[in-house]
Amino acid sequence: MSDTVEEPLSECGKHIGAHCGDEVIGRLKSGNETVISTSCCYKLLQTGYPCHTKLTLFILENNAELKNANWTEFFAKSDKIYHKCDALTAPGNSEFLANCTESLGPDCGEEVYNKLILDKTISKHCCEKLVKTGEQCHAAMAKALIRIPEMRNVNAIQLLKKNRKIFEHCLHVK
């Protein structure tokens, strides 16, 4: 492979990680189930579809067990895994998400983000707004945040747990 292809492929592998890479490969090789764990689904989405496709091609080209595999079926199964993960981790429809972010507002949205990512403080006012938007909105906004490329190296499950703790904290702010 040329250097221009190798670097992005290595970056793709780095972002999905060995554990999740093995989980995806296991599902691709198996005869039936195409669902992977929620944490690996987030990693797969964070890695992105182009990387997922490159890694799938790499597996087909370099795995002796798959030498005679039907590539069309293999890619179809690979796509199915990606799309199931997309559905599993989806923050909700765009209108719902837009209403959530609008209800929270940009200033409080920034405070919540800073609390979640940088462990800064969140004001009583913003806690009240967050609780008013509701737990579903709060979770949806975190799920949407996890999907942006800048969040590739974030552990999605830990971030969602921290997100839940922030909401619980805000419920008790008086």
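The values are calculated or read from the model by the stated rules, or taken from the named source; none is laboratory data. Note that the structure is predicted; figures quoted are calculated from it, not measured. Because the Cβ atoms are built from the backbone with ideal geometry, glycine has one as well, and the counts that use them run over all protein chains shown. Side chains are part of the model used for accessible areas, which takes the heavy atoms of the whole protein and leaves out ligands, DNA and RNA. Shrake-Rupley method; radii C 1.70, N 1.55, O 1.52, S 1.80 Å.
Numbers at a glance
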read-out	value
Residue tally, condition assigned to a helix (DSSP H, G or I), modelled with pLDDT of 90 or more and hydrophobic (A, V, I, L, M, F, W, C), over the range 25-40	1
Selected residue (only one of LYS43, LYS14 is open to solvent by 20 Å² or more (accessible area, probe 1.4 Å) and modelled with pLDDT of 90 or more)	LYS43
Residues of the range 82-134 satisfying the condition of being assigned to a helix (DSSP H, G or I), hydrophobic (A, V, I, L, M, F, W, C) and touching a Lys or Arg at 6+ places or on another chain (Cβ under 7 Å)	LEU104, CYS108, LEU116
Long-range neighbours under 6 Å by Cβ, at least six apart or interchain, first residue touching a residue at least 40 places away in the same chain (Cβ under 8 Å) within the range 122-136, second assigned to a loop (DSSP other than H, G, I, E, B) and of a type outside the set (D, E, K, R)	LYS124/VAL173; CYS127/VAL173
Only listed residue being surrounded by fewer than 19 Cβ atoms within 10 Å (Cβ to Cβ), among the polar types (S, T, N, Q) and closer than 23 Å to HIS52 by Cα, chosen from ASN155, ASN99, ASN114, ASN93	ASN155
Residue satisfying all of: in the range 53-71; touching a Phe, Trp or Tyr at 6+ places or on another chain (Cβ under 9 Å) and either in contact (Cβ under 8 Å) with a residue 40 or more places away in the chain or among the polar types (S, T, N, Q) (or both); surrounded by the fewest Cβ atoms within 10 Å (Cβ to Cβ) among these	THR53
